[in-house]
1. Taking the alpha carbon gyration tensor of region A:77-233, what are the square roots of 5 times its eigenvalues, largest first, to the nearest whole Å?
2. Can you tell me how chain A classifies by the Cα gyration tensor, rounded, prolate or oblate, using a/c under 1.5 as the rounded cut?
3. Which order, highest average first, do A:182-195, B:468-481, A:209-222 follow once you tally other Cβ atoms within 10 Å for each residue and take the mean per peptide?
4. Measuring from label point to label point, each 7 Å out along Cα→Cβ, what is the residue B:331 to residue B:138 span in nm?
5. On a full-extension model of 0.36 nm per residue, what is the gain between residue B:30 and residue B:342, subtracting their alpha-carbon distance, rounded to one decimal in nm?
6. Nearest 5 is fine: what % of DSSP beta bridges in region B:72-189 come out antiparallel, could you say?
7. What are the ³J(HN,Hα) values, in whole Hz, obtained from phi via the Karplus relation 6.51 cos²θ - 1.76 cosθ + 1.60 with θ = phi - 60°, for each residue of region B:470-485 in sequence order, with x given for Gly and Pro?
8. Per residue of A:197-203, what is the mean number of Cβ atoms on other protein chains within 10 angstrom of that residue's Cβ?
Amino acid sequence: MTSAGTIGGRGSRSVARILGSGHFGLVLCLMAAVAFAPVAPGFLSSGNLANILVGALPLLVLATGQTIVLVTGGIDLSVTAVIGLASIVGALVMGGEHGWMRGSPMAMPVGIAAMLGTGATIGFLNGFCVARLRMPAFMVTLVATMTFGGLAVWLVKQAAGVESIYGLPASFLALGSRPALAACLAVLATVAAHLLLGRTLLGRWFHAVGHNPRASLISGVPVGRVTVAAYVVSGIFAALASVLITARLETGSPNHGKALLLDVIGAAVIGGTSLSGGRGKVVWTVHGVLFLALLGNGMDLLNVSDFLVTIAKGAVILVAALLDVWRRRLAIDAE
Amino acid sequence: MIASTEDRGTTAEPSDAVRFDGIVKGFTGVPVLKGVSFGVAAGKVVGLVGENGAGKSTLMNLLGGNLRPDAGTIRRDGRPYTPQGPDDARAAGIAFVHQELNLFPNLSIAENLFLRDFPRGPGRLPWIDRGALRAKSEALLLQVGLDRDPATPVERLPAGERQLVEIAKALGADARVILFDEPTTSLSSVERERLFALVAKLRDRGIAMVYISHALGDVLRLCDDVVVLRDGEVVGAGAATSFDHDRLVSLMVGRQLTQLYPERLPRTHDVAPGAPVRGPVLEVSGVSQPGIVRDISFQLVAGEVLGISGLMGAGRSELARILFGLDPHGTGEIRLDGERLDGPPGERIRRGLAFLTEDRRGEGLCMEASITDNMALATLRSHTRTPARWLDSRAVDLVVGLMRDAVRLSPKAKGADAVRTLSGGNQQKVVLGKWLLAAPKVLVLDEPTRGIDIGAKSEIYQLVHRLADRGAGVIVISSELEEVVGICDRVLVMRHGAITGEFRRGGFDREKMLAAALVAPKP
């Protein structure tokens with residue numbers, strides 16, 4: 001990082017250092033808070049802040065799972081399809097007129113297990129194709145998006161004859177109506193992922209595989225299994241996000257989370273997780289999620305058009321991806 | 001034509017094709033070059049030697065226009081030369097032949113030769129005149145003595161021929177000054193001879209050349225003059241005939257390095273060739289893989305350093321990869337401690353096998369990861385607690401810290417530094433430390449000292465011997481005959497995938513060893 005100053009010029013060496021460090025997302029969050037606080041009405045009110053946090057929970061869970069896949073040097077574009085399919089599977093188990101277990105007290109736990117199982121299965125298939133068949137991750141998960149997204153729509157029409165399924169059990173809907181419960185679930189999952197990535201053998205292996213799969217294999221890392229594990233984790237986390245979304249919107253629908261994909265990858269990248277693998281932290285991703293939530297909410301309060309919000313987000317994500325490339329180039333220049 | 005630091009400025013030879021005068025260059029306050037002066041005359045080859053970090057690469061980057069000096073001047077044919085980028089270097093007739101070649105493997109020879117300046121069709125229209133391209137390429141290939149169709153994709157050429165293409169590219173750009181940076185590291189001895197002949201031919205054509213290499217024997221043989229760099233200063237310069245190997249080494253390291261290879265006495269036990277050995281730690285019997293290796297059988301005793309020598313492509317590295325489970329083998333059997341060895345690398349590591357690959361950057365290290373992470377990677381599992389395989393990072397830091405000292409890693413480097421920031425020698429010590437932490441029963445080293453300076457080489461040899469003295473079996477694969485002769489108890493010579501000779505310390509005969517590497521095996 002000694003040559004960081006050469007890119008920004010001598011005067012902006014400290015700026016370059018912040019950009020190069022892991023605190024870029026946090027700095028952005030503070031900047032957004034400072035910028036919106038005086039102009040956006042009610043931005044700092046406790047009600048609004050709670051609103052921001054609760055609204056960001058699904059994104060937090062999704063981006064956390066994505067971080068793990070990114071660290072291994074892969075990418076999981078199929079998370080939105082997992083959300084849709086898991087939502088339908090859960091609803092078909094638990095509720096509506098056709099729910100297999102409707103009315104049963106066990107409907108809620110079985111339904112959630114089925115949703116998580118759906119995510120794990122799709123994650124496993126993704127991981128299998130990437131690790132064992134050596135296919136490019138973006139292609140595999142893009143195809144998974146089509147296939148399982150389509151399956152979700154087909155399933156809901158075929159099995160229920162409707163577009164979306166209502167009448168989910170009250171115990172399940174509590175996850176949506178009681179924000180503290182949802183927050184507990186999401187935070188627990190995030191902390192678990194943080195510990196997994198930072199403190200366990202598997203976590204170090206995720207990093208090693210992302211840095212250099214050949215060197216990892218020669219050092220005895222079971223690269224194939226580690227890769228599959230990353231996609232399974234991502235699938236389960238996407239399914240957990242589906243639980244939160246489905247409960248909050250009180251319907252099972254194949255269309256849940258359709259617009260979230262870029263936010264998911266963007267949040268991880270804004271935080272500082274590298275698109276080329278080996279570098280990433282769940283804490284950084286939390287910053288990225290928070291920033292996107294602050295940005296969306298602040299612009300919303302200012303009555304800015306949704307489209308402009310999308311454009312602004314896109315711009316920030318682009319800058320973050322550029323930073324990622326910069327860091328890599330700095331690293332290469334230093335050689 | 002060579003001016004040492006003392007008489008700089010007084011001997012500005014007008015005939016020098018390139019002349020450095022009092023070049024000073026530092027990075028973020030750390031001086032890398034401290035007033036370097038020397039010249040290269042047309043039709044001369046100057047050998048530039050020095051340990052890694054002595055400033056050779058920085059000097060070349062200055063000439064190539066990638067960096068600018070803080071003080072001092074570079075002259076090209078007597079005129080001040082201040083390149084702003086690689087294009088200026090090219091325009092000034094300066095070309096580089098790098099260790100890692102800058103060719104596009106997916107393009108043809110001809111396309112690589114003229115990538116910057118394709119012969120155009122009539123009227124300067126943006127399409128390529130294929131006929132002219134072929135004719136010009138053929139002319140260039142003739143000059144470097146490469147008998148290949150210019151349409152051949154570069155990826156189909158062996159390393160030595162790729163280098164010839166690189167040189168042809170330099171000639172095609174009308175280069176008058178060519179810099180070779182470690183050109184022989186991936187060449188077989190036949191290819192090396194061909195390269196040397198070509199260098200001699202270019203010298204006769206009046207091209208000035210700088211030849212950077214750790215292979216001091218080559219430098220002394222090939223070069224007219226030698227410049228020795230140490231810590232950014234010229235510490236010795238003069239006609240190559242006024243140096244010998246030992247003097248170069250002591251100039252480079254700044255101290256008397258009495259012995260590169262630590263003393264190794266002939267082993268008293270197990271001296272009878274072919275005699276049955278009790279309790280070998282590694283047994284390889286009849287291992288074959290079509291087109292790769294043929295009927296390889298040998299045994300490795302605990303405490304033994306076994307060398308495997310042979311030319312590039314003889315199957316040495318391939319054999320190592322088979323031993324480690326990276327590549328399959330058709331027939332034959334490998335036993336470790338009497339039990340059959342199979343499964344993926346992770347399984348073999350747990351059984352006590354370790355493998356230092358020849359490709360340090362590509363397979364040995366995670367370049368962007370920290371020193372600690374790299375050193376601990378192969379043994380992380382032993383520092384975990386179930387159920388979640390929770391990592392005891394304090395224990396990891398502790399053992400890595402101890403190993404850092406044991407392999408004498410540069411004390412300046414911090415554990416959290418990326419291994420990319422280390423010199424080649426220190427990087428190799430990280431890889432070696434990784435495997436020593438695993439306390440292997442058998443350690444396979446493939447080209448352990450490639451691209452490493454002499455000080456680090458000597459330290460690595462000592463580590464190898466210490467490991468063997470503690471009862472491990474060590475296999476050293478090397479294309480440098482001197483190296484295996486210097487450190488091994490026994491040497492197997494391979495050719496075309498088969499073992500063609502076996503020699504024991506006390507009975508090492510370089511000529512016979514070379515003959516075994518060159519002569520076809522008996523059917």
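1. Details: eigenvalues 224, 81, 24 Å².
They are 33, 20, 11 Å, listed largest first.
2. Cα axes put chain A in the oblate bin.
3. On the way: A:182-195: 17.1, B:468-481: 20.3, A:209-222: 24.8.
Final packing ranking: A:209-222, B:468-481, A:182-195.
4. Result for the modelled spin labels: 4.7 nm.
5. This chain segment gains 107.3 nm when fully extended.
6. 50 percent
7. Calculated HN-Hα couplings, in order: 7, x, 8, x, 10, 10, 10, 9, 8, 8, 8, 4, 4, 5, 5, 5 Hz.
8. On the way: counts 0, 2, 7, 7, 10, 4, 4.
Average per residue, whole number: 5.
The numbers here are math on the coordinates, done by the rules we state, and not lab data. Worth saying up front: this structure is predicted, and the values here are computed from it rather than measured. Note: ideal-geometry Cβ built from the backbone for every residue, glycine included; neighbour counts use all protein chains shown.
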